[in-house]
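J.: Let me begin by handing over the structure; questions about it come next.
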Amino acid sequence: MQFELKTISASGIDAALSKAETYRFLKHPEDAESICRDVLAIEPNHQLALRVLGLSITDQFAGTPSDRYADAENVFQQLTDEYEKLYYSGLLYERRAKAQLQAGRPPHTVTVLLESAMEHYEKAERIRPTGNDDALLRWNRCARLFESRLESDWHREVGIEMGE
């Protein structure tokens, strides 16, 4: 079946985005994503809608090949503020790494993702707004994630890689 989607009113954007954030908090990211897409249909560059949409997509990561990493990256690249672009790209890498760890992937396979997240957070830190320590908090979380496992868990063992 094919349905023609209904268009929301411009005056309803704020209320709709409030609902989208509530759905995210209630662990219903698909509902939040749908609302954000409705907002972006009438206001394509709405920055809050883009942030919530990108986060809603990352909320759905399960560490599987069907995760929509490219979709989330595309959304975050549409942010106009350079700090936000860097910060949310860091979140993308961090959430991708965490999802893959939760799916049972060995830690050494996600090292590059966590390192990429930390690099983005460091770049965001350098240009962050005064009083905004979000990038530092996220960098510290990644560092603690590295510290939570044995050093050897984060490195591929040569003998195993070569079949020895």
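Any read-out appearing in this document is the output of simple, stated calculations on the displayed coordinates, not a laboratory observation. Since the structure is predicted, the reported quantities are computational estimates derived from the model, not experimental observations.
J.: Separation of segment 76-144 and segment 1-55 by C-alpha centroid, Å?
T.: Each part reduced to its Cα centre gives a spacing of 24 Å.
J.: Taking the 0 to 90 degree range and rounding to the nearest ten, how far is the long axis of helix 111-126 tilted relative to the main principal axis of the chain, both from C-alpha atoms?
T.: Roughly 60 degrees, rounded to the nearest 10.
J.: At q = 0.25, 0.27 Å⁻¹, what is the log10 ratio I(q)/I(0) for segment 81-125, with the Debye formula run over Cα points and no solvent?
T.: -0.75, -0.83
J.: I would also like to ask the following. Rg (Å, one decimal) plus Dmax (Å, integer) for the alpha carbons of the chain?
T.: 18.1, 65
J.: Once the Cα gyration tensor of segment 11-60 is found, what semi-axes does its equivalent ellipsoid get, as square roots of 5 times the eigenvalues, in whole Å, sorted largest first?
T.: Largest first, segment 11-60 gives 16, 11, 8 Å.
J.: Over segment 1-157, how many pairs of lysines fall under 18 Å by alpha carbon, counting only those 8 or more apart in sequence or from different chains?
T.: Value for segment 1-157: 4.
J.: Using only the Cα atoms, work out Rg/Rh for segment 70-156, with Rh taken as the Kirkwood radius, to two decimals.
T.: 1.00
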